[in-house]
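Trainee: Sharing a structure with you now.
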Amino acid sequence: MRKMFAALAFATTLLTGAADAGTLVVGGDTTPTFSLNAFDAGNTGNRAFYDNVRGAATRVVISERSFSPPGFPSFVNANLANFYRETAGVDVVQTAGDITTDILAGTGLLVLQFRNDAFAGDEMMAIERYVRSGGSLLLVGEASFINSTLPAPAFTEGSQANAIANGLLAGIGSSIRLNDDTIGIVAPTVATGAAIASDPLTAGVTSFRYGAATSVSGGKALFFAPDASGTLKPFFATEMLDAIAVVPEPTTWAMMIVGVGLVGGATRRRRSAPALA
């Protein structure tokens, strides 16, 4: 009986053990994607950063629910997708649908840039479970005044996208927030030296091109840009979200119970079998 309980405890530990913590990267500017393969012949620092964000992921999901000119796909999403497709073996999925557990299955990196509508409750739950089970999330807002169409009656899309992103960050328990301001409009718009923090995500990055951005608070700062007075403020930050226990589906529990039952039955049969002389 003791062996049977030991087997049950071991199986339970395997099935409900906590997954690795997930990596969250939050940015206040989509402009850095411009320098991946469309401008500057692909800025090496920008390319290194986004490659570091992908890490070892072989499946990348990019949401197309972004502010963009009517009838045109999001340039920032397309540019990032094309960049990741340069690496052999990387599957890039661009979707305009809801973010669900099905679409996230097997995904190593989820990208949400300049989101144009609020996350539904089930989307938020799926994203939180994904990140806290070891997935990586790149979530990017914009400078508060940014609009995807010009001229526009009111420059509000940046603020809307930031509020949507902050809603998700609060929902998944992150300490990072987009501040919904505007920095990075003082030339030169290239981060170098002290404007690049030391972190595995910035490894190999000696310069990082950007544009007008919103600053971020919380987490560990990665890149800094000056405000109107020249004060450097962070506009990209990262945070590890604590892992959650991976609770098995009911069918998995059933299989485990049946398996332990078989182990117990075999143990009883061995005990009841007559000893050979």
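Nothing in this text is a laboratory measurement; each read-out follows from the coordinates by a stated rule. From a predicted model like this one, the values you see are computed outputs, not experimental measurements. With ideal geometry, Cβ positions are generated from the backbone for all residues, glycine too; neighbour counts draw on all protein chains shown.
Trainee: Give me Leu178, Leu36 sorted ascending by neighbouring Cβ count inside 10 Å, so fewest comes first.
Mentor: Leu36, Leu178
Trainee: Please report Rg (one decimal) and Dmax (integer) in Å for the Cα set of the range 31-132.
Mentor: 13.7, 41
Trainee: Mind pulling up the Rg/Rh value for the range 19-241? Radius of gyration and Kirkwood radius, both on Cα.
Mentor: Answer for the range 19-241: 0.93.
Trainee: Continuing with this model, one more query. In a shell of Cβ-Cβ distance under 13 Å around Glu123, excluding Glu123 itself, what net charge do Lys and Arg (+1) and Asp and Glu (-1) give? Working shown, then result.
Mentor: Details: positive: Arg65, Arg115, Arg129; negative: Asp98, Asp102, Asp117, Asp122, Glu128.
Combined, the nearby Lys, Arg, Asp and Glu give -2.
Trainee: By counting other Cβ atoms within 10 Å of each Cβ, how are Asp199, Asp181 ranked from fewest to most?
Mentor: By the 10 Å Cβ count, ascending: Asp199, Asp181.
Trainee: Counting Lys +1, Arg +1, Asp -1, Glu -1, what net charge surrounds Ser215 among other residues with beta carbon under 13 Å of its beta carbon? Let's see the in-between values first.
Mentor: Details: positive: Arg177, Lys233; negative: Asp29, Glu142, Asp180, Asp181, Asp227.
Neighbour charge sum, excluding Ser215 itself: -3.
Trainee: Just check the range 156-243 against the gyration tensor rule for me: Cα atoms, a ≥ b ≥ c as the square roots of the eigenvalues, rounded for a/c under 1.5, and otherwise prolate or oblate depending on whether a/b exceeds b/c.
Mentor: Oblate, since a/c reaches 1.5 and b/c is not below a/b.
Trainee: Once amide H atoms are placed 1.01 Å from N in the peptide plane, what residues at a sequence separation of 5 or more from Asn116, or on another chain, have their amide H within under 5 Å of its amide H?
Mentor: Excluding prolines and chain starts, which carry no amide H, the hits are Ser66, Phe67.
Trainee: Excluding Asn166 itself, what net charge comes from residues whose Cβ is under 9 Å from its Cβ, given Lys and Arg +1 and Asp and Glu -1?
Mentor: 0
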